[in-house]
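Below is one structure; the comments refer to it alone.
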């Protein structure tokens, strides 16, 4: 009977186990299908498989974990949160489940719950800095700075002084305004790594930040001794010496920073600008610039800055041929440098070489086809080459690009001058009108406009008003005074014309021949023929007169 009972019980037990094993196998297959579809981004299908896997095996926390992510992706975050909570309840030892649950708390801004989970995680892995980083972030979000520093100190006891921990504490002490704590924390980090010059540098910067430059100085010297090629030590010493007023030593560090091969080129270029910014030009500055330029060429012969600097040194010394060569060397290394092209064409102007000005401005136009200034330079070269029609075309093209009224006025002025040379008076006057529209007090144009009107004998009252502006702006400019006197002469106001013309000779000790001729004409019309002839003779002797000068002297009368 007993044997029979045991046999019955054994059969019953076997019959119970068979369905359980079958369910487990089915669960595993469904889970596997779920993973495959998830990896293929068939999320809806994957969800169905994981849900079926849970139906077969309700304690399947792995499927719950997967569903927590998939539900969230599909916009069902609440359901995802529910799944991960169940997964953690079923397996409280799985750190990945806990991390995901913590992430849900974080998304819900429940930082206390988030922190509680990471307290557990860090208890098991106290040296895990990834945990520590997000943990601290959560504490910072709730503004619990004191708790953060307490926790950081605890972890520091476990893993030792650590850059990440120290910098986190320093950041918090800065937020709390605890300057002494900032300094002591930085000192502790530097002392823990006595040969790490980066920490020395950070400590020195901290001292400087709090006005303790004298404490920073020995650290700078030690850094320079331990690592003379430290990329930033020269900059630190430069700033230190500058604050102490020791400009000579600061300049030495400035040059050393340029020669430091570990310091990147762009930073050196910024230092160069910093050093010379807002400094007025004098012999010392020019000498410093020359030394800096040579240091750049020595250390970075493939870069343009050194050649540009030396070129500008020679330009300021008015040694234009050498300046030109260095600018060309700079462009050979960087043809995209606008300022170098700009300086080069200005150098060509100083050298009064129309051919090179034309060539270089033409090249600059290719690199900067929308920069009107190079069209202006190119047109000026064409004027010198007497290619007037071509010059007008270049000026007109550049003028269309100009958004600056002064520059536009320059284009119109040159165009007017060309039309004057070509005898196109109407077009000349039209161009002058354009100039005065943008620049109504352009004395050069006002003077020329007024003078040519007087020569043509038209619009004399208007010409006098224009000329009056020029003598008011530049009361000792003899060219403008001569024009004003000549217009008064044309208006028949000989007494006024004589008075103004005599001002020319009081201001100009070496008057031009045309001034004597004009004065002679005024004297003649004033009834003083003898003095008129005397001045005509002076004019002829000096030169630069009208074509009628010989006839005036011979016949002792005016010809125009």
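A short reminder: the numbers here are calculations on the coordinates, not readings from a lab. Just so it is clear, the model here is predicted, and its values are computed rather than measured. Neighbour counts are summed over all protein chains in view; Cβ atoms, including those assigned to glycine, are modelled from backbone coordinates with ideal geometry.
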(request) Report the convex hull volume per residue for the chain, counting only C-alpha atoms, in Å³. (result) 291 Å³
(message) Just want to confirm a number: the relative contact order over the chain, from Cα pairs under 8 angstrom separated by 6+ residues, in percent.
(response) 3 percent
(request) Starting from the Cα of residue 243, step 7 Å along the direction of its Cβ; do the same at residue 537; then give the gap between the two resulting points in nm. (result) 7.9 nm
(request) Could you compute the FRET efficiency for residue 252 and residue 79, with r as their C-beta to C-beta distance and R0 at 51 Å, rounded to 0.05? (result) 0.15
(message) So for segment 231-294, considering every pair of alpha-carbon atoms, how many percent are separated by more than 20 Å?
(response) 19 percent
(request) Note down the nm distance, to one decimal, between modelled labels 7 Å out along Cα→Cβ at residue 175 and at residue 403. (result) 4.3 nm
(request) Using only the Cα atoms of segment 317-357, construct the convex hull and provide its projected area averaged over every direction, in square nanometres to one decimal. (result) 2.7 nm²
(request) Please work out how much length the chain gains when fully extended from residue 499 to residue 396, using 0.36 nm per residue of separation minus the C-alpha to C-alpha distance, in nm with one decimal. (result) 32.9 nm
(request) Using a cut-off of under 13 Å, list every residue of segment 58-75 whose amide N is near the label point 7 Å from the Cα of residue 26 along the Cα-to-beta-carbon line. (result) 58
(request) Treating the angle as unsigned and between 0 and 90°, give the value, to the nearest 10°, between the Cα long axis of helix 145-159 and the longest Cα principal axis of the chain. (result) 70 degrees
(request) Would you mind checking the tilt of helix 95-107 against the longest principal axis of the Cα atoms of the chain, expressed as 0 to 90 degrees and rounded to 10? (result) 50 degrees
(message) Would you work out the Kirkwood radius for segment 257-384? I mean one over the mean of 1/r across all pairs of different Cα atoms, in Å.
(response) 15.2 Å
(message) If I stretch the segment between residue 89 and residue 154 completely, what's the gain in nm (0.36 nm per residue apart, minus their alpha carbon distance), one decimal?
(response) 20.5 nm
(message) At R0 = 35 Å, how high is the FRET efficiency between residue 108 and residue 212 if r is their beta carbon distance? Nearest 0.05 is fine.
(response) 0.15
(message) Run the numbers for residue 283 and residue 267: contour at 0.36 nm per residue of separation, minus the present Cα-Cα distance, in nm.
(response) 3.2 nm
(request) Starting from the alpha-carbon convex hull of segment 119-255, give the projected area averaged over all orientations, in nm². (result) 9.2 nm²
(message) Classify segment 94-157 from the C-alpha gyration tensor, please: rounded if a/c falls under 1.5, else prolate or oblate depending on whether a/b exceeds b/c.
(response) oblate
(request) For segment 480-503 and segment 381-440, write down the distance between their C-alpha centroids in whole Å. (result) 29 Å
(message) If I take R0 = 51 Å and measure r between the Cβ atoms of residue 164 and residue 319 in this structure, what FRET efficiency does the formula 1/(1 + (r/R0)^6) give, to the nearest 0.05?
(response) 0.35
(message) Can you tell me the orientation of helix 213-226 relative to the chain, as the angle in degrees between its alpha-carbon axis and the longest Cα principal axis, to the nearest 10?
(response) 80 degrees
(request) Could you sort 189-201, 354-366 so that the peptide with the highest average Cβ count within 10 Å comes first and the rest follow in order? (result) 354-366, 189-201
(request) Output the direction-averaged projected area (hull surface divided by four) of the convex hull of the alpha-carbon atoms of segment 145-221, in nm². (result) 4.8 nm²
(request) Determine, for 533, 309, the number of other Cβ atoms within 10 Å of each Cβ, and report the residues in order from fewest to most. (result) 533, 309
(message) How large is the convex hull of the C-alpha atoms of segment 183-334 per residue, in Å³?
(response) 106 Å³
(request) Specify the inter-centroid distance of segment 297-317 and segment 320-350, based on alpha-carbon positions, in whole Å. (result) 10 Å
